[in-house]
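Read through the structure below, which is laid out as structure tokens, and then see the notes.
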Amino acid sequence: MAFYLPVGPQHPVHPEAILLKFKVEGEQVVDVDIDASYVHRGIEKALEFKTYTQGLYLVERICGICNVAHSTCYVVNIEQLIGREAPPRAQYLRLIVEELARIHSHLLWVGLAAHQIGFMSLFMLVFRDRELVMDLIEAITGNRVVTAYNVIGGVRRDIDEALAHKVRESLKALEERVRYYRRVAMEDPTVRARTVDVGYLSTSEARELFAVGPVARASNVKYDIRADDPYVAHEEVPFNVVVYDTCDVWGRLMVRIDEVLESISMIDYALDHMPSGEYRVRVPPIFRAPPGENLSRVEAPRGELLHYVRSDGGDRPYRYKVRTPTLANLMATAQMLKSRGDRVVYVADIPIIFGSIDPCICCTARVLIVDEEGKVVETTTDELARVSRRGEE
Amino acid sequence: MSEEEIVRELREKFGDLLLEAEVRRKRRVFVTVRREHYREVLGALRNMGFDFLEALTGIDAGDHFEVIAHVGRSSSVSVKAIIPKEDPRLPSIVDSFKGAELYEREVYEMLGIVFEGNPRLRRLLLPEDWPRGVYPLRKDYKPEHPKPLR
């Protein structure tokens, strides 16, 4: 006999509002509905009422954790649209801050994953070490979380030699810690027992359902926008695309830890090889973009982020589209959460499996999915209307 | 496959059916078709190896709607379908691009474009008291002006 088990919209391990409606038989999950509509804010509509410069600040606030990815994607998009590319030094500075943000995001996830499997001491240790990166981000950009570092035409601040030295020293300390966490993930029986063969997503499923980012790479899909479609200095800074073929939560853990190590070496290399010169070209605060359209893609910590802009020649975008990585991964998540064949999903594994995509619901702010028996999942948010109204001020 | 080769191969297959096919910049190809040929072009691209749908963008372009399917991994091909305003319908691609389901639902909900053949096409995101037939990303939808807080 089957029961329906709601998880969310409020749940201790997922602070963001999302409703997972499970159909369970005993301890086994049979089917799942995901409703991510609780935090829709109508940002795409609101962007049509903002000038290009104002839009940057709104875009950064789509998501706190991946604000650097969003702002990078936005400024690259607008710069290509108006034909004012950022100078080479800015490309390097963008790469450095983006990789720092990736480190902080991945470490945050490793901590949360430890929390989700009940390994609290690991959670606290990782969060302590994450502070090293947070301090660096603050020292470089002036802000801990929403960095406001990218501007159209470049970046806001330069990195001098003293600061570069501080970054190198901190990252050296961090690298040692991350290597230790890597060993924990490889060897610790608690971590392995909770992650190996849990949340299985085969390579063909990952391809079919358009999984992106670490989720795809842990399922042996070698896809990383930084390598496939470089958007800042990636062509000049060497790095490896981390791929695992275990197709489970453990693989996603290892991909993220290895990517932190890759990011550290990328930042080291970029600091040593940064070209000198301007880090910003001035673009007037209000400008008209020529009519046209442009598409830009960025490898956010959670996967491929896509922005599309259409201009009609005015000082505001005619249409701005954002496709976030969590939205792309939701179909794959629903697949991971279902028992199929001899791959049984237990209720106790729900938090870590859902958590393994590093869900960012406020990023997604859109909806989905799979509803058995064609039932409509009810939502009561009026956020869209409320925030859209703010657009015309 | 280089961007120029993609355009050449599509031109060979479809000739004048493509209203527009050009390389805009490195790794960015834009193709425009009428909606009757939208599925065929995407099917051909799929056979050429572009089996990854990145996103669907719906646009209210004034006198018509546009739905843009962004496909590809390294090179991104954007296939734009022109849809008349008085008849907002487009064939669904969920049979060949399985993960397209939620993208189609989003466009359906925000612009009212009906994807024929999507078995689960229904509203999901807007509040339950959102009036029927009001589509927020259409240009004739104007958000209300905010009332001052007291």
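The values are calculated or read from the model by the stated rules, or taken from the named source; none is laboratory data. Since the structure is predicted, the reported quantities are computational estimates derived from the model, not experimental observations. Cβ coordinates were reconstructed from backbone atoms using ideal geometry, including for glycine residues, and neighbour counts include every protein chain displayed. Ligands, DNA and RNA are excluded from the accessible area calculation, which covers all protein heavy atoms including side chains. Shrake-Rupley method; radii C 1.70, N 1.55, O 1.52, S 1.80 Å.
Figures for the structure shown
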| read-out | value |
| --- | --- |
| Residue among B:75, B:96 that alone is touching a strand residue (DSSP E or B) at 6+ places or on another chain (Cβ under 9 Å), within 20 Å of residue A:323 (Cβ to Cβ) and of a type outside the set (Asp, Glu) | B:75 |
| Selection count, region A:69-99, where residues are over 15 Å from residue A:233 (Cα atoms) and hydrophobic (A, V, I, L, M, F, W, C) | 3 |
| Flag if residue B:96 is open to solvent by 20 Å² or more (accessible area, probe 1.4 Å), touching a helix residue (DSSP H, G or I) at 6+ places or on another chain (Cβ under 8 Å) and either within 27 Å of residue B:7 (Cβ to Cβ) or not hydroxyl-bearing (Ser, Thr, Tyr) (or both) | yes |
| Conditions (1) at pLDDT below 90; (2) on the phi > 0 side of the Ramachandran plot; (3) more than 14 Å from chain B (Cβ to nearest Cβ): number failed by residue A:365 | (3) |
| Number of positions in region B:84-123 that are touching a Phe, Trp or Tyr at 6+ places or on another chain (Cβ under 9 Å) and outside any helix (DSSP H, G or I) | 18 |
| Residues within region A:59-77 that are more than 14 Å from every other protein chain (Cβ to nearest Cβ) and in a helix (DSSP H, G or I), tallied | 10 |
| Filter result for the condition that a residue is more than 14 Å from every other protein chain (Cβ to nearest Cβ) and charged (D, E, K, R), over A:207, A:194, A:226 | A:194 |
| Members of region A:257-298 found to be touching a residue at least 60 places away in the same chain (Cβ under 8 Å), small (Gly, Ala, Ser), more than 14 Å from every other protein chain (Cβ to nearest Cβ) and open to solvent by less than 60 Å² (accessible area, probe 1.4 Å), listed by number | A:263, A:270, A:277, A:289 |
| Condition broken by residue B:74, with the remaining ones in (1) touching a residue at least 40 places away in the same chain (Cβ under 8 Å); (2) crowded, with 18+ Cβ neighbours inside 10 Å; (3) under 23 Å from residue A:229 (Cβ atoms) satisfied | (2) |
| Number of positions in region A:33-57 that are in contact with a helix residue (DSSP H, G or I) (Cβ under 8 Å, 6 or more places away or on another chain) and more than 14 Å from chain B (Cβ to nearest Cβ) | 3 |
| Pairs with Cβ under 7 Å, 6+ apart, first in region A:302-329 and facing chain B (nearest Cβ under 8 Å), second aromatic (Phe, Trp, Tyr) and assigned to a strand (DSSP E or B) | A:321/A:308 |
| Residues located in region A:214-228, provided they are over 18 Å from residue A:360 (Cα atoms) and touching a residue at least 60 places away in the same chain (Cβ under 8 Å) | A:223, A:224, A:225, A:226 |
| Counted residues, region B:61-103 - those being closer than 14 Å to residue B:137 by Cα and within 12 Å of another protein chain (Cβ to nearest Cβ) | 5 |
| Enumeration of residues in region B:31-83 that are closer than 18 Å to residue B:113 by Cβ and part of a helix (DSSP H, G or I) | B:35, B:36, B:37, B:38, B:39, B:41, B:42 |
| Residue check, residue A:113 of a type in the set (A, V, I, L, M), in a helix (DSSP H, G or I) and buried (at least 21 other Cβ atoms within 10 Å of the Cβ) | yes |
| Residue check, residue B:36 loosely packed, with under 15 Cβ neighbours inside 10 Å and either modelled with pLDDT of 90 or more or closer than 28 Å to residue B:112 by Cβ (or both) | yes |
| Subset of region A:32-48 [over 26 Å from residue A:314 (Cα atoms) and either at pLDDT 90 or above or among the aromatic types (Phe, Trp, Tyr) (or both)] | A:38 |
| From A:44, A:16, residue being at negative phi and part of a loop (DSSP other than H, G, I, E, B) | A:16 |
| Residues being more than 10 Å from chain A (Cβ to nearest Cβ) and over 11 Å from residue B:67 (Cα atoms) - total across region B:104-113 | 1 |
| Residue pairs meeting the criteria (Cβ under 9 Å; at least 6 apart or on separate chains; first touching a residue at least 40 places away in the same chain (Cβ under 8 Å) and closer than 28 Å to residue A:76 by Cα, in region B:1-28; second open to solvent by 70 Å² or more (accessible area, probe 1.4 Å) and part of a helix (DSSP H, G or I)) | none |
| Scan of region B:39-60 for residues that are open to solvent by 50 Å² or more (accessible area, probe 1.4 Å) and more than 14 Å from chain A (Cβ to nearest Cβ), ordered by number | B:39, B:40, B:47 |
| Checking residue A:51 against (1) out of contact with any strand residue (DSSP E or B) (no Cβ under 8 Å at 6 or more places or on another chain); (2) on the phi < 0 side of the Ramachandran plot; (3) at pLDDT 90 or above; (4) open to solvent by 30 Å² or more (accessible area, probe 1.4 Å), the condition it does not meet | (4) |
